[in-house]
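To keep things clear, I will list the structure first and then write my remarks on it.
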Amino acid sequence: MQEIYHAIYGAASPDGIHWRRYAKPIVPWYTDTTNAAYYDDQRRKYVAFVRSNEGMIYRKGKTVTPDKGFRLRYRAIGRAESRDFRRFPEPVRIMEPTPAERRDYKTGVDYYNSAAVKYPFAPDSYFLFSSDFYHEPDTLDVRLCTSRDGVSYTRRQGPWLGLGLAGGFDSGSIYMASGMVRRGNQILMYYAGYDHVHGAHGRRQPYAGGIGLATIRLDGFVSQDVSWAGGELLTVPLTFRGTALQINVDANAGGRFKVELRDRRNRPIPGFTLRDADRLWGNDVAKTVTWCGESDLSKLKGKPVRLRFVGKGFKLYAFQFVDGATETGGAS
């Protein structure tokens, strides 16, 4: 057995400036790239996201591999949760490359650090920003993964944050940092970028790296788009609290749309049909929807409804039901 790596340690601070390191490991597991941990106020537990390498075993305070000729099979993401930040159980793997992605190591894909976060501006919203390592070109970009419970995640197709232009500081590898900052109606996220590919870490030639800033609109991680030729979007049935509907939408200068409310059986609700709906334009993170000039939805509160968006040339990022029409953020 070959011993490598070691355990994950933690620290505590009363002010975020002065830190006290715990004497013993908090997670009985090996470490590589960036681990992430936070307190989940929904589950009322601390959670930690770590690397989970297929073929590596952590036992009795040591990380070992089966033999000296060991070859890493693939990298994945593990998760552990605990009521005590000082003591986590052994992580459980929650995300790994598909059989197709790992079938041929030479052309396969690995999942690197997670940059896991519970979104602070909406309930029941969790994100992972995994750096996907593509073996053949030896490069990494960032993939968005979403969850409602912080355990089971859906991976979105294609890169969420791609490589920079050739020669740039982030043209070879990208690793998202944990956390995000809200500035008004924008979300700021930081990442580490390098101009070299994964296998070039040990080369002697100088290389450039730096910290990058990604800026998106509030709640604007992904959008459902309707083309300029026209189209519509229809939600599943849902119930809501609140008295008004706000949507996070970008219709640019020439796009337009209406919102119709339908019942569980997909029948237009009188007073909220497409004919009643006011036509809406513009680019807004919290545009209030109206029907014949009115926004009040009190009589539909608690009843199953479906939202039908009809128009052309718009991007729908999120929607939320609020008390009145003054809140922003916290979209569904």
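Taken over region 52-105, the criterion of being modelled with pLDDT of 85 or more, farther than 16 Å from TYR134 by Cα and of a type in the set (Phe, Trp, Tyr) is satisfied by PHE85, PHE88.
Kindly establish whether LYS258 is surrounded by 19 or more Cβ atoms within 10 Å (Cβ to Cβ) and among the charged types (D, E, K, R). Here the answer is yes, as LYS258 does meet what is asked. Filter region 112-157 down to the residues that are basic (Lys, Arg) and not in a strand (DSSP E or B) and list them by number. Scanning region 112-157 gives ARG148, ARG156. Exactly one residue among THR243, THR235 is surrounded by fewer than 20 Cβ atoms within 10 Å (Cβ to Cβ) and touching a helix residue (DSSP H, G or I) at 6+ places or on another chain (Cβ under 6 Å), and that residue is THR243. With respect to PHE49, is the statement that it is touching a residue at least 60 places away in the same chain (Cβ under 8 Å), in a strand (DSSP E or B) and hydrophobic (A, V, I, L, M, F, W, C) true? The answer is yes for PHE49. Restricting GLY271, GLY330, GLY293 to residues that are out of contact with any Gly (no Cβ under 7 Å at 6 or more places or on another chain), at pLDDT below 95 and not hydroxyl-bearing (Ser, Thr, Tyr) narrows the list to GLY330.
For ASP104, the stated conditions do not hold, so it cannot be described as in the same structural domain as VAL50 (by TED's automatic domain parsing), of a type in the set (Asp, Glu) and in contact with a Lys or Arg (Cβ under 9 Å, 6 or more places away or on another chain).
The values are calculated or read from the model by the stated rules, or taken from the named source; none is laboratory data. It should be emphasised that the depicted structure is a prediction, and the values quoted were computed from it without experimental measurement. So basically every Cβ, Gly included, is an ideal-geometry build from the backbone, and we count neighbours across all protein chains shown.
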